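Only one structure is covered here, and it is reproduced in the block below.
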Amino acid sequence: MKYRSTRGQVKDYTFEEAVMTGLAPDGGLFIPQSIPQLPANWQQNWSNYTFQQLATEILSLYIDESEIPREDLKNLVEKSYSTFRSKDVTPVAKVHDGLHVLELFHGPTFAFKDVALQFVGNLFEYFLERRNRKETNGQTHRLTVVGATSGDTGSAAIYGLRNKKNVSVFILHPNGRVSPIQEAQMTTVLDANVHNFSVEGTFDDCQDIVKTLFGNKEFNDRHHLGAVNSINWARILAQTVYYFQAYFSLLRTLNTSDVKFNFSVPTGNFGDVLAGYYAYRMGLPANKLLIATNENDILYRFFASHAYEKQTGPEGGVKATLSPAMDILVSSNFERLLWYLARESDSESNDDKAGETVAGWMQELKQNGVFRVSDQVVLKAREIFDAARVTDKETLDTIRDFYDKYHYVLDPHTSVGVHAAEQIMKRDNVKTNEVFICLATAHPAKFSEAVEESLKTASGFDFGKDVLPTEFHGLLEKERRVTYIERADPKLVMNAIEKELHDEGISF
């Protein structure tokens, strides 16, 4: 299996090269040169597999054994998911008939991004150790991981990379725009190789800085940058596994195969729902992938207007909401889907032409803040995708409603996904043989302000007893280490990175 860039100028990268490079040199994102199909009899053969067994089978379709021998891959998978609190890794909970919640928050930082970043951290260490074993001139291969976070990516990356050999990790978060628990999870990790930057600006500012650093060849060559944001292909690949886990889990529970599976995914940067798209393209029998957005709704508006357009207004168009991990102006991973839409909506297109089309769209977006696509492109997307928009009020109301009716506590992001699913169920008059699986992307304790606001008058509710994990007790009072960056300036960040590396004792 080889990998190519969505913008057409980079081809034939190995899996290792794609993972260790992160962002393609032409500014695009890596995608597999073809999407593998599931093996014959997969439904029967995999029906009782554990999450780890499913992961080994699915990942091996994208990773040649010549790159990672199967036994090594199995060991990487086992190591990555040994840190999870649930034996199922990502268990499915039934809330009511027709609606289930896929709980993705049982990893070390209580967020869905642990599923991918525990694996990615071990991948980085595996590749670096192998390169250093082969090195004959005494040079040590290192990686400087740089990532932007609106909350959960940062802590998940830090917990996946803390104390990893020959890896330094730098996480940029927007100052004052992540939840107190999220900030504490990041900044209280005091390992020498972990560095947190609090940037005056928005998440999109942080993400733009990261992309600028990757595009700076001199800086990249000097420090060997690695990516943990979902621009890194390995993150998307790892996340495909829980779609299969949910599918088999529900088949066993429902004891019938006569059911249509829909997935509702709270969506900011489009990585989580994109993983579902790859699962679908491989052969998973999904009926609908629902893109659930908050009021930062560029993806919802795309389906309505056929235009991918940045919002304008105060604070650069980004609205601060109760689901801050989704407060994103531009969804980076949407570029991956656009490549497939460009390739398959035009009978005269080919791989190279699709890359040219995507590069043109991205240039229009950069210059004008908008690009438009044909009706055929949106029709192709609608073959599997739908979209819904959820307000803060609807988010709070849904948290309260689900607690009152089912005694199930949703975090605000999961509430967005659940409310979106209920919108579509009502709109389409969903039949009894259809189910919606809503992806629960974070534990409700990570967003205490929204949960407590919604449930402050709920009978019998006690946040400390009903929600707060023991791991969070005293977290806000722990010692912290964080560097403040006074404005969203790539030069300031580059200087701060080099200072921290120097203090770490790393020469460059």
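Starting from region 379-479, pick out the trypsin sites (Lys or Arg not before Pro) whose DSSP state is loop and whose Cβ has at most 14 other Cβ atoms within 10 Å.
Details: sites: K380, R382, R389, K393, R400, K405, K426, R427, K431, K446, K456, K465, K478; in loops: R382, K431, K456, K478.
Qualifying residues, ordered by number: R382, K431, K456, K478.
When ligands, DNA and RNA are left out and all protein chains stay put, how many square angstrom of accessible area per residue does region 196-309 have with a 1.4 Å probe?
Working: 3060 Å² over 114 residues.
Result: 27 Å² per residue.
Relative contact order, percent, of the chain when contacts are C-alpha pairs under 8 Å separated by at least 6 residues? All intermediate terms of the calculation are to be shown ahead of the outcome.
On the way: 924 pairs, mean separation 98.8, N = 508.
19 percent.
Among residues other than F248 whose Cβ falls under 13 Å from its Cβ, what is the net charge (Lys/Arg +1, Asp/Glu -1)? Don't skip to the end; give the middle numbers.
On the way: positive: R252; negative: E57, D88.
That sum, taken over residues with Cβ under 13 Å, equals -1.
Cut-off under 23 Å on the C-alpha distance; same-chain residues fewer than 8 positions from K217 excluded. Which lysines are left, in chain and number order?
Straight-distance partners of K217: K11, K366, K491, K499.
Quick one: of the DSSP bridges fully inside the chain, what percent are antiparallel, nearest 5? Before the final figure, lay out each step's value.
Numbers: 13 of 52 bridges.
Beta bridges within the chain, antiparallel portion: roughly 25 percent.
Where the centre of each part is set by its Cα atoms, how far does region 211-234 sit from region 46-96, in angstrom?
27
What's log10 of I(q)/I(0) for region 130-271 at q = 0.10, 0.12 Å⁻¹, Debye sum over Cα points only, no solvent?
Listed by q, the Debye log ratios stand at -0.46, -0.62.
What FRET efficiency comes out for the pair S257/K426, r = Cβ-Cβ distance, R0 = 25 Å, nearest 0.05? The partial results should precede the final answer.
Values: r = 26 Å, r/R0 = 1.05.
The value I calculate is 0.45.
Counting Lys and Arg as +1 and Asp and Glu as -1, what is the net charge of the other residues whose Cβ lies under 11 Å from the Cβ of F219? Spell out each step's value before the answer.
On the way: positive: K217, R222, K491; negative: E218, D221, E498.
Taking every other residue near F219 into account, the sum is 0.
Ranked from the most accessible area to the least, with a 1.4 Å probe and all protein chains present, what is the order of T202, T140?
Largest accessible area first, the residues go T140, T202.
Just the number, please: carbon plus sulfur as a percent of the accessible area of the chain, 1.4 Å probe, no ligands or DNA/RNA counted. Mind dumping the intermediate values first?
Details: 8820 of 19790 Å².
Carbon and sulfur: 45 percent of the exposed surface of the chain.
Taking the Cβ-Cβ separation of E383 and K217 as r and a Förster radius of 45 Å, what is the calculated FRET efficiency to the nearest 0.05? Don't jump to the answer; show the numbers that get you there.
Details: r = 39 Å, r/R0 = 0.87.
Calculated value: 0.70.
Using Rg and Dmax of the Cα atoms in Å as the read-out, say which of (1) 34.4, 113; (2) 24.3, 82; (3) 21.6, 68 was calculated from these coordinates.
(3)
Across region 393-410, in residue order, what do the Karplus-derived ³J(HN,Hα) couplings come to in whole Hz, using 6.51 cos²θ - 1.76 cosθ + 1.60 with θ = phi - 60° and x for Gly and Pro?
In residue order, the calculated couplings are 4, 5, 4, 5, 4, 6, 4, 5, 4, 6, 6, 4, 7, 10, 6, 10, 9, 9 Hz.
Accessible area per residue of region 1-82 at 1.4 Å probe, in Å²? Don't skip to the end; give the middle numbers.
Details: 3550 Å² over 82 residues.
Each residue of region 1-82 exposes 43 Å² on average to a 1.4 Å probe.
Using 0.36 nm times the number of residues separating A40 and S374, minus their current alpha carbon distance, what extension gain do you get?
Values: separation 334, 0.36 × 334 = 120.24 nm, distance 3.64 nm.
Extra length available between A40 and S374 comes to 116.6 nm.
Within a Cβ distance under 11 Å of A307, other residues only, what is the Lys/Arg minus Asp/Glu net charge? Working shown, then result.
Working: positive: R301, K310, R372; negative: E309, E364.
Residues near A307 contribute +1 overall.
With each label point set 7 Å from Cα along the Cα-Cβ vector, what nm distance links D346 and R281?
According to this spin-label approximation, the distance is 1.7 nm.
Restrict the search to region 295-387; then list the GluC sites (Glu not before Pro) that DSSP places in a loop and that have at most 12 other Cβ atoms within 10 Å of their Cβ. Kindly include the intermediate steps, with their values, before the conclusion.
Working: sites: E295, E309, E315, E335, E344, E348, E356, E364, E383; in loops: E295, E348, E383.
In loop regions of region 295-387 (DSSP not H, G, I, E or B), the sparsely surrounded GluC sites (Glu not before Pro) are E348, E383.
Report the full-extension gain for the segment R85 to F508: residue separation times 0.36 nm, less the Cα-Cα distance, to one decimal in nm. Can you show the working numbers first?
Working: separation 423, 0.36 × 423 = 152.28 nm, distance 3.96 nm.
Separation in residues times 0.36 nm, less the Cα-Cα distance, equals 148.3 nm.
What is the log10 of I(q)/I(0) for region 12-93, computed with the Debye formula using one identical point scatterer on each Cα and no solvent, at q = 0.20, 0.21, 0.24, 0.25 Å⁻¹?
Each listed q corresponds, in turn, to -1.07, -1.12, -1.22, -1.24.
Given a 1.4 Å probe and heavy atoms of the protein chains only, how would you sort R70, R4, largest accessible area at the top? Don't jump to the answer; show the numbers that get you there.
Working: R70 95, R4 15 Å².
Heavy-atom accessible area, descending, gives R70, R4.
If I485, I35 are ordered by their accessible area, calculated over protein heavy atoms with a 1.4 Å probe, which sequence runs from highest to lowest? Could the numbers behind the result be given before it?
Numbers: I485 10, I35 30 Å².
Largest accessible area first, the list is I35, I485.
At 1.4 Å probe radius, can you tell me the per residue accessible area of region 466-508 in Å²?
Numbers: 2900 Å² over 43 residues.
Each residue of region 466-508 exposes 67 Å² on average to a 1.4 Å probe.
Using 0.36 nm times the number of residues separating H141 and E71, minus their current alpha carbon distance, what extension gain do you get? Provide the component values of the computation, followed by the final result.
Details: separation 70, 0.36 × 70 = 25.20 nm, distance 2.41 nm.
Between H141 and E71, full extension yields 22.8 nm more.
The values are calculated or read from the model by the stated rules, or taken from the named source; none is laboratory data. The model shown is predicted, which means the values in this text are computed figures rather than measured ones. All Cβ positions, glycine included, derive from the backbone under ideal geometry; neighbour counts span all protein chains shown. These area figures cover heavy atoms from the full protein model, side chains too; ligands, DNA and RNA do not enter into them. Shrake-Rupley method; radii C 1.70, N 1.55, O 1.52, S 1.80 Å.
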